[in-house]
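Quick notes on the structure that follows.
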Amino acid sequence: MNGWAKNTVVLLFMQTLDSTLKFKRNAFGQMTSTVSAGLAPTPFIPESIKLVKAYRKAINGVSTSFALETLAGIPSTAHILGGAVMEKDHTTGVIDKNNKIFGYQNMFVIDGAMISANPGVNPSLSITAIAEHAMDQIPNKND
């Protein structure tokens with residue numbers, strides 16, 4: 001039996017970076033992104049590198065990272081956020097306070113896209129709470 005999972009620790013490091021990415025399809029139909037405002041995200045965060053080195057030394061371990069982070073300088077994330085801003089109306093946002101998309105019936109955004117900015121902590125519970133609220137606003141089929 002492989003002991004990889006038993007012998008592995010994954011360290012996650014989050015930072016707040018005020019920037020905006022713009023997604024579009026290239027000539028081959030693949031999704032690409034560019035920075036449209038603020039600084040470009042980077043996987044090379046001095047504080048995280050210092051933390052990993054200290055942890056590696058403390059446990060006498062080996063540190064690794066995702067290949068694209070090291071080879072191409074492309075950071076990875078477990079939480080893609082934003083893209084469907086929650087606002088009062090369609091002139092400034094995509095969804096209303098109940099996650100309903102402006103201008104469409106029975107169409108909702110119920111994922112990280114509704115979180116407009118990185119809260120600096122794992123957003124899973126916030127996404128879950130907002131999703132539960134949105135589901136409570138949908139009437140039962142039998143009502």
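Looking at residue 21, is it aliphatic (A, V, I, L, M) and exposed (fewer than 10 other Cβ atoms within 10 Å of the Cβ)? When the stated conditions are applied, residue 21 does not pass them. Going by the conditions given, is residue 18 acidic (Asp, Glu) and in contact with a Phe, Trp or Tyr (Cβ under 7 Å, 6 or more places away or on another chain)? Criteria not met by residue 18. Applying the condition of being assigned to a loop (DSSP other than H, G, I, E, B) and of a type in the set (A, V, I, L, M) to the stretch 4-26 and asking which residue is farthest from residue 81 (Cα to Cα) yields 5. For the subset of the stretch 36-52 comprising residues that are of a type in the set (S, T, N, Q) and within 16 Å of residue 77 (Cα to Cα), which member is modelled with the lowest pLDDT? Looking at residues that are of a type in the set (S, T, N, Q) and within 16 Å of residue 77 (Cα to Cα), I get 42.
So, residue 33, is that one within 20 Å of the chain's Cα centre (by Cα), among the hydroxyl-bearing types (Ser, Thr, Tyr) and at pLDDT 85 or above or not? No; evaluated as a whole, the condition is false for this residue.
The rows are residues; the columns are (1) among the hydrophobic types (A, V, I, L, M, F, W, C); (2) modelled with pLDDT under 90; (3) farther than 27 Å from residue 38 by Cβ.
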{"residue": "97", "(1), (2), (3)": "no, no, no"}
{"residue": "100", "(1), (2), (3)": "no, no, yes"}
{"residue": "104", "(1), (2), (3)": "no, no, yes"}
{"residue": "108", "(1), (2), (3)": "yes, no, yes"}
{"residue": "114", "(1), (2), (3)": "yes, no, no"}
{"residue": "118", "(1), (2), (3)": "no, yes, no"}
{"residue": "124", "(1), (2), (3)": "no, yes, no"}
{"residue": "132", "(1), (2), (3)": "no, no, yes"}
{"residue": "138", "(1), (2), (3)": "yes, yes, yes"}
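For the stretch 121-143, name all the residues that are more than 25 Å from the chain's Cα centre (by Cα) and aliphatic (A, V, I, L, M). Once the filter is applied, which keeps residues that are more than 25 Å from the chain's Cα centre (by Cα) and aliphatic (A, V, I, L, M), the stretch 121-143 yields only 138.
The values are calculated or read from the model by the stated rules, or taken from the named source; none is laboratory data. Keep in mind it's a predicted model, so treat the numbers as computed, not measured. All Cβ positions, glycine included, derive from the backbone under ideal geometry; neighbour counts span all protein chains shown.
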